[in-house]
Structures are given as C-alpha cells and as structure tokens.
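Peer 1: Mind having a look at this structure? Questions to follow.
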C-alpha cells in the first residue's frame, strides 16, 4: 500500500493533480490469530503528505463495509430502503386494486441491490424477509398476523429467502465460471476449499446446497428453486389461497357475490388468514 500511494504522489506531482486525504478512508481488518500481534497495529498511510483517517465502517459503491466483516449494517440499510419503497407504493397507489399494487411492488421494490454479497446465515436476513412479508400483507389488505406460508402462494412470488438463494447461487456460479483467473481462483477456493474458514461464498454455497438437498451449487438454478418450493405446498394450502383470493376480489368488487355481506366477507378473510 505504501508503494502504491507513493506512485499516486508521483503521478500527482507530474500531472498537477491533488488527492484529497480528507475524502479517503482506511478500513483495518485485524489478524484473527492472537500470535500475529505485529499485524494488529494499524500502519499510517499518507496521501499528498496528509494522513488518512481510519474508520470502523464505510459506504462503498452503495454497500456498507465494516472492519468486522459483518453484514448487519448493510442488510439493515437495505431493509429500511425496502420499507420506504413499499410505503411509496402504498401511499401513491393505495386506492388501486391489490393485484395492481402487487405488480408495482414487484417492479419497484425487488431490486435488492447488493444482496448477492450477504451471508445467508446472518440473523438480519430474517428481519429483511419479515419486512417484505409485512409489505405483502399491506398490499393485500389482510391482517398483520396472516400466516406467512399464504403470502408467496397468493402473490405468485418465491419466498424472499428462496429468491435471495437463487440470486446468490447465480452469482457464485458466475464467479466460478469467470474469465478472470483471479476471480475464478478466489471463488473456487471459497466454495470448495475455504468453507471451514470465514468465506461468504463457501458458506452461502453450502447453505443453498443444504436447503435444496443437492450436492453442488451448480444444481441450484432459477428453474429448480420454484419447482422445489412448489413441491412443499400442500393441497390444503392451495385450497385456502384460492378461497382467500376469491374473497379478496369480492371485497374489491372484481367478483360479485350476492349471498355474502361485506362484514361476512371480511370475517371469512380474517379466519382463513389466521386460522
């Protein structure tokens, strides 16, 4: 790093460029081994003769990087952004039919930028998925305690954890097959040799393989995951969802029903959602 920074200073001198040390930050990842105590003292880095600041976390390309390599801050930031996007859909299109709001939510609230870098076993993932389910409940106008198993089937959308698994598995495979020998070598080590170490790629590949009962991450595909999820849905659950959708469409005036009053329809919706 010192050598690289000296090259920057030489370039700045030759071409009259000024590097602003105040806009540069350093993250220091301490050695895991207690024996390597000589590595646990942060060095000093200079840019243009000025010392750069060491910080514990830093946003980079939209991601929050931390010295402890913990994804919590980044996942929480994405969760808050997701909640804001869902609120915008509900605010501006609240009077539209649920099916319209659902499509808008899928379009405008499903980017999940940076999620391929997350650790799937991180506890904050559960809170992120819960925020997505809360949004689905609001879109459909069903009780807040509606069973989570109903929501993906009603919405014709993968459970969010499975959607994340699909994206992460695709990312891992693209890294393994990368034309860059450095990227592919690092990915191969992380997936096939570095699982016992602190490798996100290895842990995520193992998580996906375990979840879908396959032996290799290449078996986890965009086609396989929906089939797997569909096979876990019981006939009783499908029947409940069909009845629930009919009642919701009656409530919104899409279907007509002369033998059910509005209050009776709402009571049935609440019963199916929470029974």
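Peer 1: What is the angle, in °, between the Cα long axis of helix 124-140 and the longest principal axis of the Cα atoms in the chain? Nearest 10 is fine, range 0 to 90.
Peer 2: Once rounded, one gets 30 degrees.
Peer 1: Sticking with this structure for a sec: Run the numbers on the chain and let me know its relative contact order in percent, using alpha-carbon pairs under 8 Å that are six or more apart.
Peer 2: Relative contact order for the chain comes out at 13 percent.
Peer 1: Can you pull the Kirkwood radius for the range 1-150, inverse mean 1/r over Cα pairs, to one decimal in Å?
Peer 2: 19.2
Peer 1: Say each of residue 88 and residue 265 gets a label point 7 Å from the Cα, pointing the same way as Cα to Cβ; how far apart are those two points in nm?
Peer 2: 3.2
Peer 1: In whole angstrom, note down how far apart the Cα centers of the range 39-79 and the range 143-211 are.
Peer 2: 25
Peer 1: Let me ask something else. Need one number: the % of Cα-Cα pairs in the range 62-216 sitting beyond the 18 Å mark.
Peer 2: Tail of the P(r) past 18 Å holds 62 percent of the pairs.
Peer 1: Which value in nm describes the separation of the simple spin-label points at residue 69 and residue 230, placed 7 Å from the Cα toward the beta carbon?
Peer 2: Output for this residue pair reads 3.9 nm.
Peer 1: On to the next question. If every alpha-carbon in the range 164-230 counts as one equal scatterer, what log10 I(q)/I(0) does Debye give at q = 0.13, 0.14, 0.23 1/Å?
Peer 2: Relative scattering, expressed as log10 I(q)/I(0), comes to -0.33, -0.38, -0.93.
Peer 1: Then there is this: Specify the angular offset, from 0 to 90 degrees and rounded to the nearest 10, of the alpha carbon long axis of helix 160-176 from the longest principal axis of the alpha carbons in the chain.
Peer 2: 40
Peer 1: Rank these for me by crowding, 167, 203, going from fewest to most other beta carbons within 10 Å. Don't skip to the end; give the middle numbers.
Peer 2: Details: 167 15, 203 19.
By the 10 Å Cβ count, ascending, the order reads 167, 203.
Peer 1: How far is helix 72-92 tilted off the main Cα axis of the chain, in degrees rounded to 10, range 0 to 90?
Peer 2: Rounded to the nearest ten degrees, it is 40.
Peer 1: Then there is this: As an exercise, use a Förster radius of 51 Å and the Cβ-Cβ distance of residue 42 and residue 237 to find the FRET efficiency, rounded to the nearest 0.05. List each step's numbers first, then the result.
Peer 2: Numbers: r = 55 Å, r/R0 = 1.07.
Efficiency, rounded to the nearest 0.05: 0.40.
Peer 1: Extending each Cα 7 Å along its Cβ direction at residue 77 and residue 257, get the distance between those two points in nm, one decimal.
Peer 2: Going from the residue 77 label point to the residue 257 one covers 4.6 nm.
Peer 1: Calculated FRET efficiency, residue 223 and residue 156, Cβ-Cβ r, R0 22 Å, to nearest 0.05?
Peer 2: Using R0 = 22 Å, I get an efficiency of 0.90.
Peer 1: Express in nm, to one decimal, how much length is gained between residue 177 and residue 103 on full extension, taking 0.36 nm for each residue of separation and deducting their alpha carbon distance.
Peer 2: So the chain would gain 23.3 nm between residue 177 and residue 103.
Peer 1: Follow-up question, since we're still on this one. Based on the alpha carbon coordinates of the range 85-133, what radius of gyration and maximum Cα-Cα distance (Dmax) apply, in Å?
Peer 2: Here Rg and the maximum Cα pair distance are 12.9, 38 Å.
Peer 1: What span do the alpha-carbon atoms of the chain cover on each of the three principal axes, reported in whole Å from largest to smallest?
Peer 2: Principal-axis extents of the chain (Cα, largest first): 83, 43, 36 Å.
Peer 1: A further question follows. Taking only Cα atoms and a 10 Å spring cutoff, compute GNM fluctuations for the chain and point out the largest among 181, 143, 226.
Peer 2: Sorting by GNM fluctuation, first place goes to 181.
Every number here is computed from the coordinates shown, using simple stated rules; none is lab data. Predicted, not measured: the structure shown is a model, and the values here were computed from it. Note that each Cβ is placed from the backbone with ideal geometry, even for glycine, and that neighbours are counted across all protein chains shown.
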